[in-house]
Amino acid sequence: MTLSAAENPLFEFLLRQGDNALVLGHRTSEWCGVAPVLEEDIALANMALDLIGQTQLWLGYAGEVEGAGRTADDLAFLREVYDYRNLLMLEVPNGDFGRTQMRQFLFDAFQVPWLTRLQDSTNTRVAEIAAKCLKEALYHLDRSSHTVIALGDGTEESNRRMSDALTFLWPYSGEVFKVDATDHAMAEAGVAPLPSDLHSVWLETVERVLTEACLTLPEGTFAQSGGRTGFRHTEHLGHMLAVMQTLQRSYPGAAW
């Protein structure tokens, strides 16, 4: 007998990690062939591959924990919209290049301290996966930080676009810090810290980079929510999954 996500907090926790990487990885891959310059095209494609690799690790372990015989591919391609546990910020359309880079930075600024703490998890597999993912996350944060600074402290047009991107994304950025029963169960078991414990570290990084980028931190504290629990997703996730899952849905069990 397998447990539902609500009855199996470790499974729910692993879905959140894997789905964040999966959805952001797919969104990032959408720049392949259409990025503003060749260097960015190659860099974004490589970052997307990093994230999909991380997805394989997290969802692969999630399938083992679930005990229902589902693989990472099954979890990635054969679930419905409300079975996904990713942050809402990661599923919204890319927008322009500035919004894509700002979203990457806001996510990376959390991922680095988060994965750093997960290396000390009481769950050996979680600690091992985190250690592998952290190496890539450090590079992602370094790159997204420098890009945000370069665009923010660039031309009047690039600054305006980065400011617009920040205004749009800010109401989504706080979702990761809204803790629930799954977060508390993981913290009590020593598997992961409460995401809210990392808010001050995240905010310090965000404020530092935005200051260098000549951008103003928004004042609002409202945060969209629902993605981490699957309770609410934007309409955009369904459209994204229709594209991402079309091959597997059209040809069930297809393999290279």
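The values are calculated or read from the model by the stated rules, or taken from the named source; none is laboratory data. Just so you know, these numbers come straight off a predicted model, no measurement behind them. Cβ atoms come from the backbone with ideal geometry, glycine included; neighbour counts cover every protein chain shown.
Could you list all residues from segment 218-241 that are aliphatic (A, V, I, L, M) and at pLDDT below 95?
Within segment 218-241, the first condition is being aliphatic (A, V, I, L, M), and the residues that meet it are 223, 237, 240-241.
Ala223 - this is the single residue of segment 218-241 that is aliphatic (A, V, I, L, M) and at pLDDT below 95.
So which residues in segment 21-47 are crowded, with 20+ Cβ neighbours inside 10 Å and in contact with a Phe, Trp or Tyr (Cβ under 9 Å, 6 or more places away or on another chain)?
Ala21, Leu22, Val23, Leu24, Leu44, Met47
Got a sec? Which of Ala187, Ala255, Ala242 is free of Cβ contacts under 8 Å to residues at least 24 places away in the same chain, out of contact with any helix residue (DSSP H, G or I) (no Cβ under 8 Å at 6 or more places or on another chain) and crowded, with 16+ Cβ neighbours inside 10 Å?
Details: Ala255 fails: crowded, with 16+ Cβ neighbours inside 10 Å; Ala242 fails: crowded, with 16+ Cβ neighbours inside 10 Å.
Every option except Ala187 fails the conditions.
Please go through segment 168-195 and pick out each residue that is farther than 20 Å from Leu141 by Cα and of a type in the set (Ser, Thr, Tyr).
Passing the criteria: only Thr182.
Tell me, please, whether a residue that is of a type in the set (A, V, I, L, M, F, W, C), farther than 22 Å from Met89 by Cα, modelled with pLDDT under 95 and not in a helix (DSSP H, G or I) can be found in segment 32-55.
Yes - at least one qualifying residue is present in segment 32-55.
Of all residues being buried (at least 16 other Cβ atoms within 10 Å of the Cβ) and polar (S, T, N, Q) in segment 198-231, which is nearest to Leu169 (Cα to Cα)? Just the residue, please.
Gln224
Residues to consider are Asp50, Asp19, Asp41; find the one that is in contact (Cβ under 8 Å) with a residue 24 or more places away in the chain and over 22 Å from Gly230 (Cβ atoms).
Numbers: Asp19 fails: over 22 Å from Gly230 (Cβ atoms); Asp41 fails: in contact (Cβ under 8 Å) with a residue 24 or more places away in the chain.
After applying the criteria, what remains is Asp50.
Go through (1) of a type in the set (Gly, Ala, Ser); (2) farther than 21 Å from Arg103 by Cβ; (3) more than 19 Å from the chain's Cα centre (by Cα); (4) surrounded by 18 or more Cβ atoms within 10 Å (Cβ to Cβ) one by one and return the number of the condition Ala192 breaks.
Result: Ala192 passes all but (3).
Please verify whether segment 176-190 includes one or more residues that are outside any helix (DSSP H, G or I), over 19 Å from Gly226 (Cα atoms) and out of contact with any strand residue (DSSP E or B) (no Cβ under 6 Å at 6 or more places or on another chain).
Yes, there is a match, as at least one residue in segment 176-190 is outside any helix (DSSP H, G or I), over 19 Å from Gly226 (Cα atoms) and out of contact with any strand residue (DSSP E or B) (no Cβ under 6 Å at 6 or more places or on another chain).
Within segment 110-160, can you find the residues that are farther than 30 Å from Ala189 by Cβ and either crowded, with 21+ Cβ neighbours inside 10 Å or among the β-branched types (Val, Ile, Thr) (or both)?
Selection gives Ser144, Ser145, Thr147, Val148, Ile149, Leu151, Gly152, Thr155.
Of the conditions (1) in contact (Cβ under 8 Å) with a residue 12 or more places away in the chain; (2) farther than 27 Å from Phe11 by Cβ; (3) β-branched (Val, Ile, Thr), Val112 clears all except one; give me its number.
(2)
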